[in-house]
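Engineer: The structure's right below; bear with me while I get my questions together.
The values are calculated or read from the model by the stated rules, or taken from the named source; none is laboratory data. Please read all numbers here as calculations on a predicted model, not as lab measurements. Every residue, glycine as well, gets a Cβ built from its backbone with ideal geometry; the counts of neighbours run over all protein chains shown.
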Amino acid sequence: MALIPIDGAPPGAGGQVLRTALALSAATGQGFSMTRIREKALRPGLHPHHVAAVRAAALVCSARVHGAFDGSPDLRFEPGPPAGGEFHFEIGGAGAATLVLQLVVPALAAAAPASRVEAAGGTHVPASPTFEYLSRHWAAVMARLGLDVTATLERAGYAPRGDGLIVATVAPWRRPATLALEERGALVVVRGVSTSGRLKGDVARRQRDAAQALFWERRRLEAEWEVAEVDAGGPGASLLVEAVFEGGRAAFGYLAEGGVASERLGERAARRLLRFLEDEEGAVDPHLADQLAVPMALAGGGGRVTTPEVTRHLETVAGVLGRFGFSARAWGRRGGPGGLEVGRC
């Protein structure tokens, strides 16, 4: 079978192109050849965390791989059939374990029996879903697509050290399934999860208190909160705020930063969720919109989601889906409201 040619050079989206192609290839059995990987980046080619993602995808489908090394500008990925089982992935340091889990879950769900996955690396790192975003927010929508994923945080891996561990179970997929998240409907609940590890000063509680104070001040909202001190590979803290509606949902994860007060982080997270509530356009947050694209396509029933902000990643994922033969269309002006539509298979 001929390999699908994919250009890995789009500025600002090279990693997204790679992860999307790997997820689709491992789940569908279609191989691909990617060239000019991150060609316009300051440091082009594959980085160690990209190589870890390639190796994880290859393990779940016994793929033949060429070019999976640090700095490689090209990659060939020829998958076999996906197979369930027990897997352990070392992402390395603060490499995003959550992104690797999102990559391999669709292929594992397409196989039998159920799978158990350990992913070691960063669980709370910049530019990736936090563990709470994945386990509570993303997984809840996956369930609507007939894909049951449960994840447990054995050890938090905060940036920059990482050294965390997530254990996840993936059940065989119940397909076909359709997803329609177009109108929010009424607000059902606002939730928050505030965690810290190996820090002094009751950081998690202070983050929670600041966010809740702003929720109450601006909209008289009383959120449901979980506050926890967690085992961690290194010091850090995070905050997830989430709004669940009758027909949609949104969540935003924030990480503690050096020199930024815990109260400031809590207020920052609360303002972001309040801004989503005030926009009144789009059923899901911008990050969830692009993270739903691959599972929607593979679920077979198609679907449609709307979001208040069309991102480069959403447009990129829709383009890669098209390369693999799926009918997918992102609409709306980048930075403005729009959405994604995926056809039935």
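Engineer: Given Leu288, Leu298, which one is under 18 Å from Phe32 (Cα atoms), under 17 Å from the mean Cα position of the chain (by Cα) and in contact (Cβ under 8 Å) with a residue 24 or more places away in the chain?
Structural biologist: Sole residue among the options that is under 18 Å from Phe32 (Cα atoms), under 17 Å from the mean Cα position of the chain (by Cα) and in contact (Cβ under 8 Å) with a residue 24 or more places away in the chain: Leu298.
Engineer: Would you confirm whether any residue within the stretch 88-102 is surrounded by fewer than 24 Cβ atoms within 10 Å (Cβ to Cβ), under 29 Å from Arg304 (Cα atoms) and either of a type in the set (Ser, Thr, Tyr) or under 19 Å from the mean Cα position of the chain (by Cα) (or both)?
Structural biologist: The answer is yes; a qualifying residue exists.
Engineer: Within the stretch 307-337, can you find the residues that are in contact with a helix residue (DSSP H, G or I) (Cβ under 8 Å, 6 or more places away or on another chain) and assigned to a strand (DSSP E or B)?
Structural biologist: The answer is Thr307, Val310, Ala328, Arg329, Ala330, Arg334.
Engineer: How many residues does the stretch 175-218 contain that are in contact with a Leu (Cβ under 8 Å, 6 or more places away or on another chain), exposed (fewer than 15 other Cβ atoms within 10 Å of the Cβ) and either farther than 24 Å from Val284 by Cβ or without any contact (Cβ under 8 Å) to a residue 60 or more places away in the chain (or both)?
Structural biologist: The qualifying residues number 1.
Engineer: Let me ask you something else. May I ask you to verify whether Leu240 is assigned to a helix (DSSP H, G or I) and aliphatic (A, V, I, L, M)?
Structural biologist: Values: assigned to a helix (DSSP H, G or I): no; aliphatic (A, V, I, L, M): yes.
So Leu240 does not fit the description; no.
Engineer: Residue under question is Ala111, and the condition is that it be buried (at least 17 other Cβ atoms within 10 Å of the Cβ), on the phi < 0 side of the Ramachandran plot and part of a helix (DSSP H, G or I); does it hold?
Structural biologist: So Ala111 fails the test.
Engineer: Here's something else I'd like to know. Taking the stretch 21-75, which residues are among the polar types (S, T, N, Q) and either buried (at least 23 other Cβ atoms within 10 Å of the Cβ) or closer than 25 Å to Ala94 by Cα (or both)?
Structural biologist: Ser25, Ser72
Rundown of residues vs (1) touching a strand residue (DSSP E or B) at 6+ places or on another chain (Cβ under 6 Å); (2) modelled with pLDDT under 95; (3) assigned by TED's automatic domain parsing to the domain that holds Ala114, yes/no style:
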| position | (1), (2), (3) |
| --- | --- |
| Thr28 | no, no, yes |
| Gly31 | yes, no, yes |
| Ala41 | no, yes, yes |
| His49 | no, yes, yes |
| Ala53 | no, no, yes |
| Leu101 | yes, no, yes |
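Engineer: Scan the stretch 279-335 residue by residue and report those that are among the polar types (S, T, N, Q), touching a strand residue (DSSP E or B) at 6+ places or on another chain (Cβ under 8 Å) and closer than 16 Å to Leu181 by Cα.
Structural biologist: Of the stretch 279-335, the ones among the polar types (S, T, N, Q) are 291, 306-307, 311, 316, 327.
Remaining after also requiring touching a strand residue (DSSP E or B) at 6+ places or on another chain (Cβ under 8 Å): 306-307, 311, 327.
Those that are among the polar types (S, T, N, Q), touching a strand residue (DSSP E or B) at 6+ places or on another chain (Cβ under 8 Å) and closer than 16 Å to Leu181 by Cα: Thr306, Thr307.
Engineer: I would also like to ask the following. Looking only at residues that are outside any loop (DSSP other than H, G, I, E, B) and without any contact (Cβ under 8 Å) to a residue 40 or more places away in the chain in the stretch 135-173, which one is farthest from Leu292 (Cα to Cα)?
Structural biologist: Applying the filter and picking the extreme gives Thr152.
Engineer: Which one of Thr311, Thr316, Thr307 is over 20 Å from Phe215 (Cα atoms), of a type in the set (Val, Ile, Thr) and surrounded by 23 or more Cβ atoms within 10 Å (Cβ to Cβ)?
Structural biologist: Residue meeting the stated conditions: Thr307.
Engineer: Filter the stretch 155-174 for residues that are surrounded by 15 or more Cβ atoms within 10 Å (Cβ to Cβ), among the charged types (D, E, K, R) and on the phi < 0 side of the Ramachandran plot and give the result.
Structural biologist: Of everything in the stretch 155-174, those that are surrounded by 15 or more Cβ atoms within 10 Å (Cβ to Cβ), among the charged types (D, E, K, R) and on the phi < 0 side of the Ramachandran plot turn out to be Arg155, Arg161.
Engineer: Tell me, which strands (runs of 3 or more DSSP E) lie completely within the stretch 6-107 with 2 or more residues that are among the acidic types (Asp, Glu)?
Structural biologist: 86-90
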